[in-house]
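Read through the structure below, which is laid out as structure tokens, and then see the notes.
The values are calculated or read from the model by the stated rules, or taken from the named source; none is laboratory data. Predicted model only: the values in this text are computed from it and were never measured. We place every Cβ from the backbone using ideal geometry, glycine too, and count neighbours over all the protein chains shown.
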DNA sequence: GCAGTAGTGCGTATGTCATACGCAGAAGAC
DNA sequence: GTCTTCTGCGTATGACATACGCACTACTGC
């Protein structure tokens, strides 16, 4: 009498309350434990905790079901009593990593400042959990913490006068920016770690590489860039974030003005 | 006499001309064939072509060394005579997917228009090769086509009066935006394909899910959004792109003005 | 108390991957 | 003609996710 595509087997876990993705259901704290069989020797929190610990220490790639199980001193397959698939574990890990957003600035603060605080908080949280950037997105924010972040993002635009459609677009734009920024940082850091070079060294290498291949005729702008020595700066990751956010906010401000005039 | 970290084995391929990452070296067309041993029965173009064909038809995940080899009617391991590791194949696939940027608008066109054309071209090209968005980034653009795109992006700001540092930041910002936009689209499309739902259906489902869990007290902004029926619109992916780009360009324009005044 | 039953942990197996290693044969260099 | 340097490729190896089924446990209804 199992509903869903796959009947039988370990997929058919207890306490399903709806047709939601199991991970979402779990994250919202549904799924009551029917007090039948043996007491579970494990719980989701411990599993997710162990997985997060591994990810923090050795990166997301080190998180395998076997590894997590070993960490907990149980067998690999026992994890599947708590988690339908690895994707589900990923979702839960991400949820744990993001946590709830910090309290917003006092009401009355100008929207630009509030939005800045939100974006910065989002970046800091993401940056502290770089591994989480590697988790493939599987849909719009649907877990409690993600929704809370979205809520706070939307609320940050309260004083802007923007309509709901604009607000959601703005929030998606800004969070996409943050995600991309941090994700790119993570990728570069990973590449450098693999190559065993320092950030400065890789930048110099990169400059040399470009210099070697970019002839001034086909690539005048790049050549100029090299000659200007732009690639010799310290490439502060904070700088690119601040730069991008500033542009974004200026652009949003222009929208706010436009809508204010129009409506 | 092998240089490099790993001596011996198949890593030690012929024709190495420098200490560059092998993939980069290949992409720039270095690596002369020393006319010794048997004539190679394969070439990189055929390998990359087959890999791209698989990725187009079945997604990046379907691209395994074994699968590519089968496509070409050779054994898995023979590929490793042409490619040091799968990552290298990825880089070459991406290079093939992006191709060269289309010709820019006529000189004299305002920078905003040129930059728009560039961003749009980048998006279109990326969108036509969604699978390529799944390839992990391993560093700043270092292959010929990537550098060509960068060149054209930088050149698009010729009429803006921005300095070199600003230009590179702007280009990184815009290309990051495009990448994120298309990548998110790809993720959502993949998730929907896996769930077997249409885009409209998933949006409705998402709305229902939010409605179910977001109580109006904890999540007033989200609740308002739902009540406003914003999630019932068609969620045109073009719209979000256009919206974001417009904000970005407005923000960049503000910078141009500021620098123009200052310098 | 005592069945019945739904859960439990987990051993084992399957199938997929990337890739190390080494051999046999080919073809240009001397 | 021999030597060297390639080639293709068969055969491991060691991950990994996860299907399946067994043995055992602790509630539920009687």
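The table below gives the values:
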item: Residue within the stretch A:94-106 that is within 16 Å of DNA strand D (Cβ to nearest atom), surrounded by 15 or more Cβ atoms within 10 Å (Cβ to Cβ) and more than 20 Å from residue A:184 (Cβ to Cβ) present; result: no
item: Breaking point among (1) over 21 Å from residue A:187 (Cα atoms); (2) assigned to a loop (DSSP other than H, G, I, E, B), for residue B:142; result: (1)
item: Odd one out for residue A:90 among (1) within 14 Å of another protein chain (Cβ to nearest Cβ); (2) touching a helix residue (DSSP H, G or I) at 6+ places or on another chain (Cβ under 7 Å); (3) closer than 25 Å to residue B:179 by Cα; result: (2)
item: Residue A:213 being surrounded by 13 or more Cβ atoms within 10 Å (Cβ to Cβ) and in the same structural domain as residue A:183 (by TED's automatic domain parsing); result: no
item: Every residue from the stretch B:25-60 that is in contact (Cβ under 8 Å) with a residue 60 or more places away in the chain and either within 13 Å of DNA strand D (Cβ to nearest atom) or not assigned by TED's automatic domain parsing to the domain that holds residue B:85 (or both); result: B:26
item: Qualifying residue in the stretch B:94-108 (condition: assigned to a helix (DSSP H, G or I), within 16 Å of DNA strand C (Cβ to nearest atom) and at pLDDT below 95); result: no
item: Hey, residue A:251 over 20 Å from residue B:168 (Cβ atoms) and without any contact (Cβ under 8 Å) to a residue 24 or more places away in the chain or not; result: no
item: Total residues in the stretch B:69-85, condition more than 12 Å from DNA strand D (Cβ to nearest atom) and in a helix (DSSP H, G or I); result: 1
item: Candidates A:47, A:54 - the one that is within 16 Å of DNA strand C (Cβ to nearest atom), under 24 Å from the mean Cα position of the chain (by Cα), away from every other protein chain (no Cβ under 14 Å) and assigned to a helix (DSSP H, G or I); result: A:47
item: Some residue of the stretch B:151-166 being more than 9 Å from chain A (Cβ to nearest Cβ) and surrounded by fewer than 19 Cβ atoms within 10 Å (Cβ to Cβ); result: yes
item: Selected residue [exposed (fewer than 11 other Cβ atoms within 10 Å of the Cβ) and within 18 Å of residue B:134 (Cα to Cα)] from B:50, B:57; result: B:57
item: Any hit, the stretch A:157-166, residues being free of Cβ contacts under 8 Å to residues at least 12 places away in the same chain, closer than 24 Å to residue B:226 by Cβ and outside the structural domain of residue A:87 (by TED's automatic domain parsing); result: yes
item: Residue selected from the stretch B:181-232 under the condition in a loop (DSSP other than H, G, I, E, B) and within 28 Å of the chain's Cα centre (by Cα), by the criterion farthest from residue A:173 (Cα to Cα); result: B:196
item: Residue in the stretch B:245-253 that is part of a helix (DSSP H, G or I) and either at pLDDT below 95 or farther than 25 Å from residue A:245 by Cβ (or both) present; result: no
item: Residues that are under 30 Å from residue B:115 (Cβ atoms) and away from DNA strand C (no atom under 12 Å from the Cβ), drawn from the stretch B:57-92; result: B:91, B:92
item: Unique match (being without any contact (Cβ under 8 Å) to a residue 60 or more places away in the chain, over 13 Å from the mean Cα position of the chain (by Cα) and either within 11 Å of another protein chain (Cβ to nearest Cβ) or buried (at least 17 other Cβ atoms within 10 Å of the Cβ) (or both)) among B:148, B:121; result: B:148
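A quick yes/no check of all residues on (1) loosely packed, with under 14 Cβ neighbours inside 10 Å; (2) facing chain A (nearest Cβ under 10 Å):
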| residue | (1), (2) |
| --- | --- |
| B:176 | no, yes |
| B:198 | yes, no |
| B:203 | no, yes |
| B:237 | no, no |
